[in-house]
Amino acid sequence: MLNELSIIGHFYPENTMLRKMLVRHSMQVRLKALEIAEMPENKSLNIDLDVVSAGALLHDIGIKECDAPSILCNGSNHYLCHGIIGAEMLRDYGKEFNVDLEKYARICERHTGSGLTAKEIEQQGLPLPHKDFLPETIEEKLVCFADSFFSKSGRMEEKSVDKIRKSMMKFGIDTLERFDAMCELFHV
């Protein structure tokens, strides 16, 4: 059985503010994702709750390598890279400890915003490889969606759908349309 907190502990020392913030945020995303998955309207989606639970806990594991002092991250990479960095961290961990973490690595690299297309990355000059990072599986989509309800800064309170929509609109109509499609998919 996968022990997500042990994996987090491999990268984040106990009793640090960064780890506490990461775990708090990840638990918020996990609870929201599981709450959505358990809605009667979503039972027919056949969501793998174990994958969602673990994926939500691991989705932001790459933040420590990024430059975002406001959320206690003092790495050297652009914050938008945290997903692909986290994916590589999980893949390396999986190789070292002989455990398949690919489905969680995919959640890491596909959870930013409502996902990112190669076209958006290129047009906006984002510091990411020019390829699609869109959630594909139902579990990837659910963690991506649940993550949009919470920030890692400020009071870390749950955001309303209207507030999320306004934020998504800043990144273009395609981003907003993907978010709206997830709202429809998950009956939110």
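Taken together, the values in this text are just the output of simple stated rules run on the coordinates, not laboratory data. What you are looking at is a predicted structure, and each value in this text was computed from that prediction instead of being measured. Here Cβ is always computed from backbone atoms with ideal geometry, including for glycine, and neighbour counts include all displayed protein chains.
Listing for the model above:
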| read-out | value |
| --- | --- |
| Percentage, to the nearest whole number, of Cα pairs in segment 131-179 over 15 Å apart | 52 |
| Against the rule of thumb 2.2 N^0.38 Å, how large the Cα Rg of segment 60-106 comes out | 1.19 |
| Charged-residue dipole, Cβ positions (Lys, Arg, Asp, Glu), segment 1-83 about Cα centre, Debye nearest 20 | 220 |
| Kyte-Doolittle mean at least -1.0, axial Cα span of 27 Å or more - DSSP H helices of the chain | 17-37 |
| FRET E, pair Val188, His10, Förster distance 45 Å, beta-carbon r, rounded to 0.05 | 0.85 |
| Cα centroid of segment 1-78 to Cα centroid of segment 101-139, whole Å | 17 |
| Positive-pole candidate from Phe171, Thr137, Met21, dipole of the chain, charges at beta carbon | Met21 |
| Top of Gly55, Gly86, Gly75 by mean-square fluctuation, Gaussian network on the chain, Cα under 10 Å | Gly75 |
| Projected label distance in nm at Lys43 and Asn74, using a 7 Å step from Cα toward the beta-carbon | 5.1 |
| Unit charges on C-beta of K, R, D, E only; dipole of the chain, Debye | 560 |
| Compactness relative to 2.2 N^0.38 Å, alpha carbon Rg of segment 1-41 | 1.42 |
| For segment 2-135: relative contact order, % (alpha-carbon pairs under 8 angstrom, 6 or more apart) | 18 |
| Listed values (i) 32, 20, 15; (ii) 23, 20, 17; (iii) 29, 21, 14, entry calculated as semi-axes √(5λ) of the Cα gyration tensor in Å | (ii) |
| Computed [θ] at 222 nm, deg cm²/dmol, the chain (DSSP H ≥ 4; -39,500 (n - 2.57); rounded to nearest 500) | -16500 deg cm²/dmol |
| Once the Cα gyration tensor of segment 113-159 is diagonalised, semi-axes √(5λ) in Å | 23, 16, 6 |
| Equivalent ellipsoid, segment 61-147 (semi-axes from 5 times Cα gyration tensor eigenvalues, Å) | 20, 18, 12 |
| Segment 94-188, relative contact order in percent, only Cα pairs under 8 angstrom and at least six apart counted | 25 |
